[in-house]
Amino acid sequence: MVTLNRPRSLNSINDALAAEMATTFTQLATEATVSVVIVTGAGRGFSSGADLTALGAGIGAEGTQLRLDPMVDWMRWVARPYVALNRLPQLTIAAVNGPAVGAGWGLAMGCDIRIADPSASFCATFVRMGLGPDYGLSRTLPDTIGQARALELLATGRTVDSTEALRLGLISAVADDVMAAAMSLAEAMVTAPGHAIRSLKQTVRRSSNADLTTVIDEVEATAQAELFAHPDFHASAAAWLSRFQADATA
């Protein structure tokens with residue numbers, strides 16, 4: 001469980017939180033006993049996005065123009081949590097409680113699965129400040145709902161409530177107790193061997209950018225062969241065969 005814990009600012013992402021998230025996700029990637037990671041926010045919101053106080057300090061009181069190269073470097077640095085989240089071999093679930101705005105929405109979209117409570121909402125406010133999307137939204141949003149709908153949401157900056165989010169496929173479910181729903185889903189997933197869950201995630205990701213022949217002949221064939229060779233499969237297969245033989249003779 002990873003909880004963004006700046007509830008007074010609706011878990012806005014400042015440099016300190018960005019650094020801590022990046023470290024946490026990077027460490028979790030090495031945890032072989034962890035199969036599912038749930039990401040949520042403390043208090044009444046998932047994340048309100050970038051901490052504008054920190055951004056304002058960087059711009060300066062007079063609103064002077066920022067130099068391009070340092071800003072590129074800063075954008076890459078502040079996006080490290082998303083990159084680390086995206087690289088997790090475990091399945092990830094966003095338990096979206098309340099608003100997920102800007103980079104907060106990007107963080108939620110960076111998870112493999114999203115569940116929201118009825119008060120959840122999603123909004124990309126970048127365009128209202130003359131900015132474009134970040135935290136992966138320019139990729140994850142079109143991949144999820146199509147380019148036309150993604151452009152409409154990004155260009156208008158309008159808010160999507162939980163009902164519309166479910167209809168668009170931005171989330172998998174709406175639950176009154178979003179944490180209980182996320183935990184229930186995670187518990188169902190971890191009944192499978194952890195290495196199989198990791199292989200499944202990697203296979204789906206690799207297949208998304210490959211033609212069907214490559215998927216069948218290379219991606220799936222290699223992954224399945226490796227799973228066949230794993231000791232866990234032999235133990236499971238023996239158990240299945242034993243049950244099958246028992247049922248056949250009953």
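The values are calculated or read from the model by the stated rules, or taken from the named source; none is laboratory data. This one's a predicted model, so the numbers in the text were calculated from it and none came from an experiment. So basically every Cβ, Gly included, is an ideal-geometry build from the backbone, and we count neighbours across all protein chains shown. Surface accessibility is based on the protein's heavy atoms, side chains included, excluding ligands, DNA and RNA. Shrake-Rupley method; radii C 1.70, N 1.55, O 1.52, S 1.80 Å.
Miscellaneous remarks
- Selection over segment 119-129 of residues that are part of a loop (DSSP other than H, G, I, E, B) and open to solvent by 70 Å² or more (accessible area, probe 1.4 Å) gives a count of 1.
- Search result, residues across segment 190-218 that are under 18 Å from Arg87 (Cα atoms) and not polar (S, T, N, Q): Gly194, His195, Ala196, Ile197, Arg198, Leu200, Lys201, Val204, Arg205, Arg206
- The numbered conditions (1) at pLDDT below 95; (2) under 14 Å from the mean Cα position of the chain (by Cα); (3) of a type in the set (A, V, I, L, M) are all true for Ala124 except (2).
Table: residues versus (1) in contact (Cβ under 8 Å) with a residue 40 or more places away in the chain; (2) over 29 Å from Asn209 (Cα atoms).
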{"residue": "Ala116", "(1), (2)": "yes, no"}
{"residue": "Gly136", "(1), (2)": "yes, no"}
{"residue": "Ile145", "(1), (2)": "no, no"}
{"residue": "Ala173", "(1), (2)": "yes, no"}
{"residue": "Met183", "(1), (2)": "yes, yes"}
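- Filter result (touching a Ser or Thr at 6+ places or on another chain (Cβ under 9 Å) and either open to solvent by 20 Å² or more (accessible area, probe 1.4 Å) or outside any strand (DSSP E or B) (or both)) within segment 26-41: Val36
- Whichever residue in segment 43-70 is part of a loop (DSSP other than H, G, I, E, B) and crowded, with 16+ Cβ neighbours inside 10 Å and, among such residues, is modelled with the lowest pLDDT: Asp51
- Residue that is modelled with the highest pLDDT [pool: residues in segment 134-173 that are of a type in the set (Asp, Glu) and open to solvent by less than 50 Å² (accessible area, probe 1.4 Å)]: Glu164
- Taking first residues from segment 42-70 that are under 22 Å from Pro99 (Cα atoms) and partners that are charged (D, E, K, R) and modelled with pLDDT of 80 or more, the Cβ contacts under 7 Å between residues at least 6 apart in sequence or on separate chains come to Ala54/Asp15.
- Within segment 76-114, being touching a residue at least 40 places away in the same chain (Cβ under 8 Å), part of a loop (DSSP other than H, G, I, E, B) and either closer than 23 Å to Ala32 by Cβ or among the small types (Gly, Ala, Ser) (or both) holds for Ala79, Arg87, Leu88, Pro89, Gln90, Gly98, Gly102, Cys111, Asp112.
- Residue match in segment 178-200 (condition: modelled with pLDDT under 95, touching a helix residue (DSSP H, G or I) at 6+ places or on another chain (Cβ under 9 Å), crowded, with 16+ Cβ neighbours inside 10 Å and among the basic types (Lys, Arg)): no
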